[in-house]
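A short write-up of the structure that comes next.
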Amino acid sequence: MLMFTAFQTCCMIEQTVIEGAINEPNSTFTGNGYTSLAILYIAFAVTNWVAPSIISVLGLKISLIVSGVIYALFIASFLKPMTWALYTMSVLLGSSAAVLWTAQGSYLTINSDSATIPITSGIFWALFQTSMLFGNLYVYFTFKGNITVDAESRTTLFSVFTALCVAGVLTITILFCLKDRKEKVESAQSKDQINSVEQDDRSPGPLQALKRSFQLFLTGRMMLLSITFGFTGLTVTFLGGVYGTSVGHSQHFEADAKGLIGICGMFIGVGEILGGALFGLCGKWMRRFGRDPIILFGFLVNITTYYLIFLNLPQMSPIEETHGAVYVHFGYYSKYLAVICGFLAGLGDSSFNTQVYSILGSLYPDDSAPAFALLKFVQSLFAAVGFFYSTVLELQFQLLILVIGTTSATLSFFAVEWSTIKTIRTQTYGNGPTSCH
């Protein structure tokens, strides 16, 4: 929450901040926010293949701390924007993010079981997305009434964000003082049992971890899930960079445009938090009825949201400041609609992400690091593609891609979920004519 209060807010405003830095007097800065984020997610995608190997060498806790330090350095680089530093830190952060998220997913799985993983996934997602509230609230009051982001506002903003990121790293360090669930179970066993568990659960070496990642990726189940992973990557692009930039570029919001970036970001966070908390509380219900009703809910919310955004924002808004016409002019209420769309987009996104975490924790309890590395590989690869096309594609084409993506993601998730339920029922009851008895 602390680290991503800084980082997620930074992503939402990065292009707007960079445009302000370029326009400063005597500026030699020539960076591009979309390009920076695209590079970041390419590095993220590539490093995911070796993230399990890195974690097998460093361990989960050291991996989390080292990655967190690099997040703080990335945020600090905006205090004095330099083109070379922007792109260099984007590469380093992308590589660190792969390790951070793989370690986090594995840590979550270790401290859960098949019964609690839906609940812990929801709790994690809700706490994580709380970061969207605080950072964007600060952005709103900082940018309110500003046409551009000046050097003084940028310095104040990123000084606070750097401090928050450092506080997050210090919080991660507290994990060294906590026993993992697996460690507690082992400590309660006899010495012989402990030796047996240590022999069976010994962390695989770097080459074995890499080999296992390739093996998992080539399974039919993981390939189907990869379609869903890919869509969540496209939403990272849209919610993490494009939507806020589009709102800030929409000149029919007048002087409120830049401040609305923060408000929309806050309500994206509210939607994410509400979804995480709600779907976490539905853990017992999901074990009975499956995860597919929540995915279907997320699909319907997404389709509705994309249509409303299509009507409310100018088509050139992701690319440049524009007074362009909108399909339906809602007048004064267009600002409220922009905020409502942010909330709905966050709610739909949480529907997919919480269920992806839940299904991976359930299906791959013994291969959590490779499984979550593959999730982040596909997710970050599609996010990078999304940031590249965001520099040239108008809004309606980006929304069309998201509509196709959410439809494909829903169908592929259904296929895996129904296959999993069928397998469980077959193992439990068998296939004979009297199996229902």
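The values are calculated or read from the model by the stated rules, or taken from the named source; none is laboratory data. Please read these numbers as outputs of a predicted model, since none were measured by experiment. Here Cβ is always computed from backbone atoms with ideal geometry, including for glycine, and neighbour counts include all displayed protein chains. Remember, those area values only see protein heavy atoms, side chains included, never the ligands or the DNA or RNA. Shrake-Rupley method; radii C 1.70, N 1.55, O 1.52, S 1.80 Å.
Some points to look at:
- Test set (1) crowded, with 16+ Cβ neighbours inside 10 Å; (2) closer than 19 Å to Leu402 by Cβ - Leu311 fails condition number: (1)
- The condition of being modelled with pLDDT under 85, over 18 Å from Tyr306 (Cβ atoms) and surrounded by fewer than 24 Cβ atoms within 10 Å (Cβ to Cβ) holds for only one of Gly280, Gly262, that being Gly280.
- Selection count where residues are open to solvent by less than 20 Å² (accessible area, probe 1.4 Å) and closer than 14 Å to Met222 by Cα, scope segment 370-382: 9
- Elements of the type helices (runs of 4 or more DSSP H) sitting completely within segment 218-321 and holding at least 3 residues that are hydroxyl-bearing (Ser, Thr, Tyr) and within 23 Å of Phe141 (Cα to Cα): these cover 243-249.
- Of residues in segment 223-259 being of a type in the set (A, V, I, L, M) and surrounded by 22 or more Cβ atoms within 10 Å (Cβ to Cβ), the one farthest from Phe377 (Cα to Cα): Ala257
- In the set Asp366, Asp349, only one residue is of a type in the set (Asp, Glu), on the phi < 0 side of the Ramachandran plot and in a helix (DSSP H, G or I); that residue is Asp349.
- Here segment 102-126 is the region considered, the condition is being in a helix (DSSP H, G or I), open to solvent by 20 Å² or more (accessible area, probe 1.4 Å) and not aliphatic (A, V, I, L, M), and the residue that is farthest from Phe78 (Cα to Cα) is Thr120.
- One residue from Ile13, Ile42 being open to solvent by 10 Å² or more (accessible area, probe 1.4 Å) and touching a helix residue (DSSP H, G or I) at 6+ places or on another chain (Cβ under 9 Å): Ile42
- Segment 353-380: number of residues that are among the hydrophobic types (A, V, I, L, M, F, W, C) and under 24 Å from Ile303 (Cβ atoms): 4
- In segment 29-38, the count of residues that are buried (at least 23 other Cβ atoms within 10 Å of the Cβ), assigned to a helix (DSSP H, G or I) and polar (S, T, N, Q) is one or more.
- Close contacts from segment 27-46, counting a first residue that is within 16 Å of Val378 (Cα to Cα) and a second that is of a type in the set (Lys, Arg) and part of a loop (DSSP other than H, G, I, E, B), with Cβ to Cβ under 9 Å and a gap of 6+ residues or different chains, come to none at all.
- Matching residues in segment 386-408 - criterion: being of a type outside the set (Val, Ile, Thr) and outside any helix (DSSP H, G or I): Ser390, Leu393, Glu394
- Residues that are aliphatic (A, V, I, L, M) and at pLDDT below 75 were ranked within segment 383-437; the one that is surrounded by the fewest Cβ atoms within 10 Å (Cβ to Cβ) is Ile424.
- Residue satisfying all of: in segment 72-94; open to solvent by 40 Å² or more (accessible area, probe 1.4 Å) and assigned to a helix (DSSP H, G or I); nearest to Ser53 (Cα to Cα) among these: Leu92
- Members of segment 55-69 found to be open to solvent by less than 40 Å² (accessible area, probe 1.4 Å) and under 21 Å from the mean Cα position of the chain (by Cα), listed by number: Ile55, Leu60, Lys61, Ser63, Leu64, Ile65, Ser67, Gly68
- Flag: Ser159 matches the condition of being within 30 Å of Asn26 (Cβ to Cβ) and either modelled with pLDDT of 90 or more or part of a loop (DSSP other than H, G, I, E, B) (or both).
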